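Nothing in this text is a laboratory measurement; each read-out follows from the coordinates by a stated rule. Predicted model, so just to flag it, every value in this text is computed and none were measured. All Cβ positions, even for glycine, are placed from backbone atoms using ideal geometry, and neighbour counts span all protein chains on display.
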């Protein structure tokens, strides 16, 4: 079994109102050091099989087809 | 300036219907190797200052007070 973590984040320049709201909430709680906050998503997957190269190419395909909107999001894949 | 990434994931045993929906969607797309999918959140923060220890303790406090629900979620902090 292969475990993988996919992290999807907004591309630079794409507005992130959710991150902005969190930034303001943190500053409101007194965390004055907080500069910017951007929120993203993480997916922890378990894949059957043991071929890491095949898994990585499948994971890239999953990101392109479903997990990330590559127009506005970047993704990174870590296989462990 | 200090950059940090906070990753918030559901604890083991906590139901994740969103992850389940993604799992079924991936299997529906033909990714038969997919076992389980769990979804979490990631926050990329920029903090002013250069004291890493102080930043880490502030980040832990942010997680406990706002970013994570520690009853059902774990968090990890990576300062770069």
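Does a label point 7 Å from the Cα of residue B:21, set along Cα-to-beta-carbon, have any residues of segment A:10-36 with amide nitrogen under 19 Å, and which are they?
A:18
Using Stokes-Einstein with the Kirkwood hydrodynamic radius over Cα pairs, what translational diffusion coefficient do you get for segment A:2-79 at 20 °C and a viscosity of 1.002 mPa s, in µm²/s rounded to a whole number?
On the way: Rh = 14.2 Å.
D, rounded to a whole number, is 151 µm²/s.
If I fit a long axis through the Cα atoms of helix B:17-28 and take the longest principal axis of the Cα atoms of chain B, what angle between them do I get, 0 to 90°, rounded to 10?
Roughly 50 degrees between the two axes.
Give the nm distances, rounded to one decimal, from residue A:32 to the matching residue in every other copy, measuring between label points 7 Å along Cα toward the beta carbon; shortest first.
Going from nearest to farthest copy, the values are 6.1 nm.
Please compute the alpha carbon radius of gyration of the protein assembly as shown, then divide it by the globular-protein estimate 2.2 N^0.38 Å. Two decimals is fine. Each step should come with its number before you reach the end.
Working: Rg = 16.7 Å, N = 160, 2.2 N^0.38 = 15.1 Å.
Normalised Cα radius of gyration, the protein assembly as shown: 1.10.
At residue A:79, label 7 Å along Cα→Cβ: distances to the other copies, nm, ascending?
Between copies, matching label points for residue A:79 lie 3.4 nm apart.
Helix B:52-62: angle to the longest alpha-carbon principal axis of chain B, degrees 0 to 90, nearest 10?
Approximately 50 degrees, to the nearest 10.
Placing the label point 7 Å from Cα along the Cα-to-Cβ direction, what are the distances from residue B:12 to the equivalent spots in the other copies, shortest first, in nm to one decimal?
From this label point to the equivalent ones elsewhere in the assembly: 4.0 nm.
Set the Förster distance to 22 Å, then compute FRET efficiency between residue B:46 and residue A:3 from the Cβ-Cβ distance, nearest 0.05. Kindly include the intermediate steps, with their values, before the conclusion.
Numbers: r = 30 Å, r/R0 = 1.35.
In this case the efficiency is close to 0.15.
How high is the relative contact order of segment A:1-61? Use alpha-carbon pairs under 8 Å, at least six apart in sequence, and give a whole percent. Walk me through the numbers before you get to the answer.
On the way: 63 pairs, mean separation 30.8, N = 61.
Relative contact order of segment A:1-61: 51 percent.
Could you name the residue in chain B with the C-beta closest to the rotation axis that superposes chain B on chain A, along with the separation in whole Å?
Nearest Cβ to the rotation axis, residue and whole-Å distance: B:42, 2.
To the nearest 0.05, what FRET efficiency results for residue B:60 and residue A:11 with a Förster distance of 35 Å applied to their C-beta separation?
Details: r = 29 Å, r/R0 = 0.82.
After rounding, the FRET efficiency stands at 0.75.
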